[in-house]
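The values are calculated or read from the model by the stated rules, or taken from the named source; none is laboratory data. What you are looking at is a predicted structure, and each value in this text was computed from that prediction instead of being measured. Backbone-built Cβ (ideal geometry, glycine too); neighbour counts: all protein chains shown. Heavy atoms of the whole protein, side chains included, go into the accessibility calculation; ligands, DNA and RNA do not. Shrake-Rupley method; radii C 1.70, N 1.55, O 1.52, S 1.80 Å.
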Amino acid sequence: MEKKFLFSLSFLFFILQSFSQQWPGGGQGNWQGGGGGGKENWKDMVEKMKVGHLYGKIIDSTTNKAVEFASVQLIDPVALQMKKKDAVVAGQLTESNGDFSLEKINVMGNYRVKVTALGYVTKEISVAFGVNMKEGMQGMMNADKDLGNIKLKPHATQLKEVTVEASAHVMELKLDKKVFNVEKNIVSAGGTAQDVLKQVPSVSVDVDGNVTMRNAEPQIFVDGKPTTLTLDQIPADAIQSVEIISNPSAKYDASGGQGGILNIVLKKDRRMGYNGNVRLGVDQYARANCGADINMRNGKINIFLSSMYNERYSLTTGKTNRENLIGYPLTTISQNQKSITDGLFMMTRGGFDWFMDNRNTFTLSGNYVHGKFSPSDELTTRTDTTFPNKNSSSYDRTSGTSRQFSNTGASLQYKHLFPRQEQEWTADLNYNKSQFLASGDYTTKYSDVNGNHIGKDIFQNMDGTGHNGMFTGQTDLVLPFNSKDSTKKKLETGIRGSYRDFGSLTKNFIKNDSTGEFTLIKNQSTNYKYIDQIYAAYATFGIQKKKFNWEFGLRGESSFYTGELLDSNKTFKNYYPISLFPSFSSTYDLTKKDNFQFSYSRRINRPSFFQIIPFTDYSDSLNLKRGNPALKPEFTHSLEFSYLKTFNRENNLLATVYFKNTDNIITNYQQREYDTVLHRNIILSTYENANSSEVYGAELTSKHGIKKWLEFTTNFNFYYAVLNAKNLEANLSNERFSWFTKENFTFKLPKNISLQIAFEYRSKTNVPVTRGDNKYGGMSGWQQSPASTAQGYINPRYSIDGAIKYEFMKNKAASVSVNVRDIFGTDINQTITNSTFFSQTTSRIRDPHFVRLNFSYRFGKFDTSLFKRKNMKMNTDGMDVGM
């Protein structure tokens, strides 16, 4: 009875107080003015700006218990008829737990939150959303505000203003990372993640899709987590941005060694309301790509769904010339290769968010990827002797294969926001599983020097199956500390575990001429599995005082690795005990526009399965390969010093000098041995631990918006690399000065037309070591690795990509674009290998002059009530179309 009476009084008090105020034009009288169409336009603008959200909890200052039925009003001081009057734009009575939530707030206003309750002193809090109209309607990442626990006590407390800034540029530069916005990069539209990374500063992608950052292989994450998806299985149109983290702190995985981390952020939790996007495209080979995204929200549930379909036709040509330096008689070998890949893949992602209350959110999401490709190869190899009157020979090998793969993933995430600003707890579970099938037919024909068919043809086929499963779990806590002075302190800590299960069965058969049946070649067949486990915990402690900011971190990781060749019952394992990975960073803000940072980290690069499996790959007669189970992990010490100069929002400069030292660096290495399968001496490419490597470098990245019609980014990287492999061979070392540059120009032309040009040049560089497991389940992983590191280099290369886009319809909801990859056909990957056994040059090029035509249309109605929760990533490019 008492509670009902209290509620009645509170409600009456709330109503009387609300109607005692003047409420002009929906509480936005300061926006009204002008006449005719101008007035209506302002009203439309007002409606589009109503995306703010304020929420919190009212508690008793003495008991800390919730205050029920308190009146919470949002007041907008409005200049009306030359007199200062207050307008109540939103209001609510608190719930039984003290919670309140005010929505549809115009982010352009300056407000007071007024809290009244029977028995308590009235309290007011100032709140403001600052939006620069020149920046457009983009990036409402902070369009909401958690006011925390508001205590009703005699003295008012004033909170700091909320500042909402937008960014719609191709590149965002920060001291700790660079963010490449894929949606603003039309050159990669309709492609895959490989095409996206080719445009990212500091990153290079070779003809086989191997990715390096500052000439070292980085750790690649999707949405901050490991994945079994490969880069050519992720459509470019599914990617929101790419984060380039060159020197990660202890809170990130220590894996990745010299290369740092590339985090691919997929589009999700962004298109609020019922909003969507459809895309259609076709390339020069008449292969289609299409996709659609939609987001729907009702109450506490937000549903998101996207689907993509991509057909691909790819042509790769290559040439290899080798001069053998041993054997009798000495020989030269030339090899020409033409590879065609035809197929398709599709991807579906979806999930929902459940906003249990203001501070608790659950997200369940999943994805399914399926693809089928049919590669075919034509390989012609000719062997000539260096002596006169000696016979030469050649053979032609043709192959037709089929590969199918599927990937299923699921993720469950939870986020809790505490009343204290910046305090939060997150937890997530992730599961990915890939399955793959492969089959192929191979025909080899031998000819003499005159091209006459000699001997018998050899017919072979191959069947393979495999799986790759990964499970990860992680929880993190961010805990800020109160301080009497202006010093801010924050502790971040978390634990993580991952479990990976990989298996592959490959059978190679040869046709028996007498029986006509195919018999198994045991020495060229594999049946293996491995299990990889990594467990980690970290803690970082940050201190911010005036212009200085320090962060100290420590991460501990332990991993277990077991593998088995099932047919031969051979087992091998590696146990890496707990290793500690410290990190440190210090930032000094000389001014608001001049910032310095120094950072240090220790990282690890564990050998991959394809680098340690003791199995010889005979698929390429010129590059026989085998893993080395005795490999040790690399440990890298990384130092960076950076300077960020911010001239204005359109122009800034990031300069970095860096040093990296790596012990036990894993390198490709050629050796000669007798092979019991081929019954002859062979040159074998394997992996070894060299002594060390050192890299001294400097990088310069700048973003410029000189005119409204021109924006460009520049990336220069200069480095001197030293690889010491004297433990493998006397006086074997590789020292080289290298550099590369990337330029990206975006021109905004009249009639809603934009033009983009991307240029890349790389000088002569050492051959980077790649893990070799980035292709369809790894069945061709070895074939994708470079031939050598300690004994080779890559010749200079450059390429130019271009795109043009036309936007039309209301709010530029529709667009048509054309992009061209490698316009002049100059992106040739040429590797030179020099050893005591042979000298070899290999050149390859993939899809020069490749053209795509793309169409995109955004649709939907923007629902302003959906901008909730600061733990959601959002974008509002075109408010009423929601994309």
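For (1) modelled with pLDDT under 80; (2) aliphatic (A, V, I, L, M), each residue gets a yes or a no:
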{"position": "LYS151", "(1), (2)": "no, no"}
{"position": "GLU161", "(1), (2)": "yes, no"}
{"position": "ALA166", "(1), (2)": "yes, yes"}
{"position": "VAL170", "(1), (2)": "yes, yes"}
{"position": "LYS198", "(1), (2)": "no, no"}
{"position": "VAL203", "(1), (2)": "no, yes"}
{"position": "PRO218", "(1), (2)": "no, no"}
{"position": "PHE221", "(1), (2)": "no, no"}
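Within segment 511-524, the presence of a residue that is more than 30 Å from SER255 (Cα to Cα), part of a strand (DSSP E or B), out of contact with any Phe, Trp or Tyr (no Cβ under 9 Å at 6 or more places or on another chain) and open to solvent by 30 Å² or more (accessible area, probe 1.4 Å) is excluded.
Out of everything in segment 335-373 that is of a type in the set (D, E, K, R) and either open to solvent by 20 Å² or more (accessible area, probe 1.4 Å) or over 26 Å from the mean Cα position of the chain (by Cα) (or both), what residue ends up being nearest to SER392 (Cα to Cα)? Applying the filter and picking the extreme gives LYS338. Within segment 836-853, the set of residues being over 29 Å from the mean Cα position of the chain (by Cα), surrounded by 20 or more Cβ atoms within 10 Å (Cβ to Cβ) and either closer than 21 Å to TYR798 by Cα or charged (D, E, K, R) (or both) comprises THR842 only.
For THR332, indicate whether it is closer than 30 Å to THR841 by Cα, open to solvent by 30 Å² or more (accessible area, probe 1.4 Å), of a type in the set (Val, Ile, Thr) and in a strand (DSSP E or B). So THR332 fits the description; yes.
Residues of segment 548-587 that are modelled with pLDDT under 90, charged (D, E, K, R) and closer than 14 Å to ARG606 by Cβ: LYS573 alone.
Of everything in segment 529-570 that is free of Cβ contacts under 8 Å to residues at least 40 places away in the same chain and of a type in the set (D, E, K, R), the residue that is farthest from ASN628 (Cα to Cα) is LYS529. On the given criteria, is PHE862 at pLDDT 65 or above, within 18 Å of ILE294 (Cβ to Cβ) and either touching a Cys at 6+ places or on another chain (Cβ under 7 Å) or of a type in the set (A, V, I, L, M, F, W, C) (or both)? So PHE862 fails the test.
Scanning for something aliphatic (A, V, I, L, M), over 27 Å from THR230 (Cβ atoms) and out of contact with any Cys (no Cβ under 7 Å at 6 or more places or on another chain), does segment 371-384 turn up at least one residue?
The answer is no, given that none of the residues of segment 371-384 is aliphatic (A, V, I, L, M), over 27 Å from THR230 (Cβ atoms) and out of contact with any Cys (no Cβ under 7 Å at 6 or more places or on another chain).
Matching residues to (1) modelled with pLDDT under 90; (2) in a strand (DSSP E or B); (3) open to solvent by 30 Å² or more (accessible area, probe 1.4 Å):
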position	(1), (2), (3)
SER447	yes, yes, no
ASN450	yes, no, yes
LEU479	no, yes, yes
SER483	yes, no, yes
SER486	yes, no, yes
GLY497	no, yes, no
GLN544	yes, yes, yes
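For beta carbons closer than 6 Å, sequence separation of 6+ or different chains, a first residue in segment 218-234 that is under 16 Å from GLN435 (Cα atoms) and part of a loop (DSSP other than H, G, I, E, B) and a second that is open to solvent by 20 Å² or more (accessible area, probe 1.4 Å) and at pLDDT below 85, the qualifying pairs are THR230/ASN774. Kindly provide the set of residues from segment 633-685 that are open to solvent by 40 Å² or more (accessible area, probe 1.4 Å), at pLDDT 90 or above and not acidic (Asp, Glu), ordered by number. PHE635, HIS637, LEU639, PHE641, TYR643, LYS645, LEU653, VAL657, PHE659, ASN664 - these are the residues of segment 633-685 that are open to solvent by 40 Å² or more (accessible area, probe 1.4 Å), at pLDDT 90 or above and not acidic (Asp, Glu). Here VAL200, VAL222 are screened, and the one residue that is touching a strand residue (DSSP E or B) at 6+ places or on another chain (Cβ under 6 Å), of a type in the set (A, V, I, L, M) and open to solvent by less than 10 Å² (accessible area, probe 1.4 Å) is VAL200.
Taking every residue in segment 475-499 that is free of Cβ contacts under 8 Å to residues at least 24 places away in the same chain and pairing it with any residue that is in a strand (DSSP E or B) and open to solvent by 50 Å² or more (accessible area, probe 1.4 Å), at least 6 positions away or on another chain, the pairs with Cβ-Cβ distances below 6 Å are PHE481/LYS489. I'm trying to understand the selection: among the residues of segment 819-835, which are closer than 20 Å to PHE747 by Cβ and open to solvent by 50 Å² or more (accessible area, probe 1.4 Å)? Of everything in segment 819-835, those that are closer than 20 Å to PHE747 by Cβ and open to solvent by 50 Å² or more (accessible area, probe 1.4 Å) turn out to be ILE823, PHE824.
I'd like the residue in segment 277-300 that is in a strand (DSSP E or B) and open to solvent by 60 Å² or more (accessible area, probe 1.4 Å) and, out of all such residues, is modelled with the lowest pLDDT. Can you show your working first?
Of all residues in segment 277-300, those in a strand (DSSP E or B) come to 277-283, 288-298.
Pick out the ones that are also open to solvent by 60 Å² or more (accessible area, probe 1.4 Å) and you get 280, 296, 298.
Numbers: LEU280: 95, MET296: 83, ASN298: 73.
So, considering only residues that are in a strand (DSSP E or B) and open to solvent by 60 Å² or more (accessible area, probe 1.4 Å), the one modelled with the lowest pLDDT is ASN298.
THR714 meets the conditions (1) touching a Lys or Arg at 6+ places or on another chain (Cβ under 8 Å); (2) more than 16 Å from ILE244 (Cβ to Cβ) in every case but one. The failed one is (2). Kindly indicate the residue of segment 424-442 that is more than 26 Å from the chain's Cα centre (by Cα) and open to solvent by less than 30 Å² (accessible area, probe 1.4 Å) and also nearest to PRO375 (Cα to Cα) among those meeting that condition. In this case the residue turns out to be GLY440. Can you find a residue that is out of contact with any Ser or Thr (no Cβ under 8 Å at 6 or more places or on another chain), touching a residue at least 12 places away in the same chain (Cβ under 8 Å) and closer than 30 Å to PHE609 by Cβ anywhere in segment 511-520? Yes; the residues of segment 511-520 include at least one that is out of contact with any Ser or Thr (no Cβ under 8 Å at 6 or more places or on another chain), touching a residue at least 12 places away in the same chain (Cβ under 8 Å) and closer than 30 Å to PHE609 by Cβ.
Mind checking whether some residue in segment 661-684 is within 29 Å of TYR798 (Cα to Cα) and aliphatic (A, V, I, L, M)? Yes, that holds for at least one residue.
Okay, residues lined up against (1) more than 20 Å from VAL211 (Cβ to Cβ); (2) at pLDDT below 95; (3) in contact with a strand residue (DSSP E or B) (Cβ under 6 Å, 6 or more places away or on another chain):
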{"site": "PRO750", "(1), (2), (3)": "yes, yes, no"}
{"site": "ASN766", "(1), (2), (3)": "no, yes, yes"}
{"site": "VAL769", "(1), (2), (3)": "no, yes, yes"}
{"site": "ASP773", "(1), (2), (3)": "no, yes, no"}
{"site": "GLY777", "(1), (2), (3)": "no, yes, yes"}
{"site": "LYS812", "(1), (2), (3)": "yes, yes, no"}
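Filtered by the rule that a residue be surrounded by fewer than 19 Cβ atoms within 10 Å (Cβ to Cβ) and over 24 Å from the mean Cα position of the chain (by Cα), segment 585-614 gives SER586, TYR588, ASP589, LEU590, THR591, LYS592, LYS593, ASP594, PHE596, PHE598, PRO614.
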